[in-house]
Amino acid sequence: MSEEELPKAEKNGENNRENNVPTATADQFLILKHIGSGAYGEVAAVKKLVGNDENQIYAMKAMEKKKMGKNKKMVEHEWKLLTSINNPFFMTMRYSFQTHRHIVFVMPFAGGGDMLTMMEKSCLTEKSAEFYLCELVEGIGYLHENEILHRDVKLENLLVGHDGHLLITDYGLSATSCNSDDAIEGTIGTRHTMAPEIHLKKRYGPACDWWSVGITYCDMRSSKSVFDGDDSVQYSESTVKKRPRIPNCLSPRERSLVNKLIVRDPAQRLGGGVDGTSAIKQHDYFKNVLWQDVILKKLVPPFIPSNEMITNFECFPEHQKGSQFPSFEHPVNLYWENIDYTHPSLI
């Protein structure tokens, strides 16, 4: 990714590199619990042992350099976004460093878990959903102001931070330098929340994220899908051709907003065109919302998780094959250029 493709937000990561700021090391963290295992690495809850953030709980993602070599551009893409986004409703980098065999990203610990897990217990009330939607709109609007498309807005990528506020995560499918309604192409995203123009392999812009926001809001309120299909082809056809099944539990004000977000023509979709995010904020659904209070986190969260709520995450048995968090003890050193980073607030 070129320098021109970086978001307009503060390029903290680049400044960090240029100033040779010292970063963290693996021995400064205590591994508390292995909480995730994926194609690109292992994730654990950790506690910082030293520094002005001593005893702070973080999420640590460890990726094997040997495996990630063929995905170097993806790692760099994620790193640049994690270190440059400057908005309270996004997962951002706190530290990144490397051991002999691993690239390590250290990020805020989302003690409340992800919203998909929350929905397995019960769907949200209208009041709770409104809280998270306000922060989601503010966050996605920030991305669009910086010419970034998320392209994978869904419950799994919405986390609840230690303070109860939203943390949007997963920038692996995001795109930069998207400054028009037909800025980009490519069938990328999760079919459940993917906009029709992407299913149809057309060029698209920021309006695709607002479709996903509309579908995701319905998912917050109901366990029934807006569209369905037995396979990816059928799901695409359903999204492109069938009438959306708006959840019966939605109030008239909710239904009014959703019906303007889940519009197949991106030019007619709320949030599309030149007005973008401002048009969404002016909808009657948000008539009592003070957006300055949203960005300052003055809205009261539906619940505030404990900083020790590691039990919100599935515990992977240490004996389970492939699930053990790495010990970082390897004799052979593989070098990965320009990965060290410390967030400015921690220097």
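The values are calculated or read from the model by the stated rules, or taken from the named source; none is laboratory data. Quick caveat, the model's predicted, so the values are computed rather than measured. So basically every Cβ, Gly included, is an ideal-geometry build from the backbone, and we count neighbours across all protein chains shown. Side chains are part of the model used for accessible areas, which takes the heavy atoms of the whole protein and leaves out ligands, DNA and RNA. Shrake-Rupley method; radii C 1.70, N 1.55, O 1.52, S 1.80 Å.
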Using r as the Cβ-Cβ distance of Asp275 and Ser180, and R0 as 25 Å, what FRET efficiency do you calculate, to the nearest 0.05? 0.95
Vicinal HN-Hα couplings computed from phi for the stretch 147-154 (Karplus, 6.51 cos²θ - 1.76 cosθ + 1.60; Hz; Gly/Pro x): 6, 10, 9, 6, 6, 8, 6, 6
Rounded, prolate or oblate, given the Cα gyration tensor of the stretch 228-274, with a/c below 1.5 counting as rounded? oblate
Prolate/oblate/rounded call for the stretch 114-296, Cα gyration tensor, a/c under 1.5 rounded: rounded
Listed residue pairs exceeding 28 Å between alpha carbons, taken from Lys47/Lys127; Lys154/Lys260; Lys80/Lys242; Lys154/Lys202; Lys72/Lys260; Lys66/Lys121: Lys47/Lys127; Lys80/Lys242; Lys72/Lys260; Lys66/Lys121
Quick query: amide H of Leu32 versus all other amide H atoms, modeled in the peptide plane; which residues come in under 5 Å with a sequence gap of 5 or more or a different chain? Ala45, Val46, Lys47
Radius of gyration, Dmax [the chain; alpha carbons; angstrom]: 20.3, 63
Degrees, to the nearest 10: 252-261 long Cα axis against longest axis of the chain: 70
Relative contact order of the stretch 114-296 (C-alpha contacts under 8 Å, at least 6 apart) in percent is 21
Per residue value of the accessible surface for the chain (all protein chains in place, 1.4 Å probe), Å²: 47
For the stretch 135-195, shape from the Cα gyration tensor axes a ≥ b ≥ c, cut at a/c of 1.5 then a/b versus b/c, turns out oblate
Accessible carbon and sulfur surface of the stretch 85-149 relative to its total accessible area, %, 1.4 Å: 46
Out of residues 5 or more away from Ala183 or on other chains, whose amide H comes under 5 Å of its own, with H placed 1.01 Å from N in the peptide plane? Tyr204, Gly205
Quick one: Karplus J couplings for the stretch 76-86, per residue in order, coefficients 6.51, -1.76, 1.60, θ = phi - 60°, nearest Hz, x for Gly and Pro? 4, 4, 5, 4, 5, 6, 4, 9, 10, 5, 10
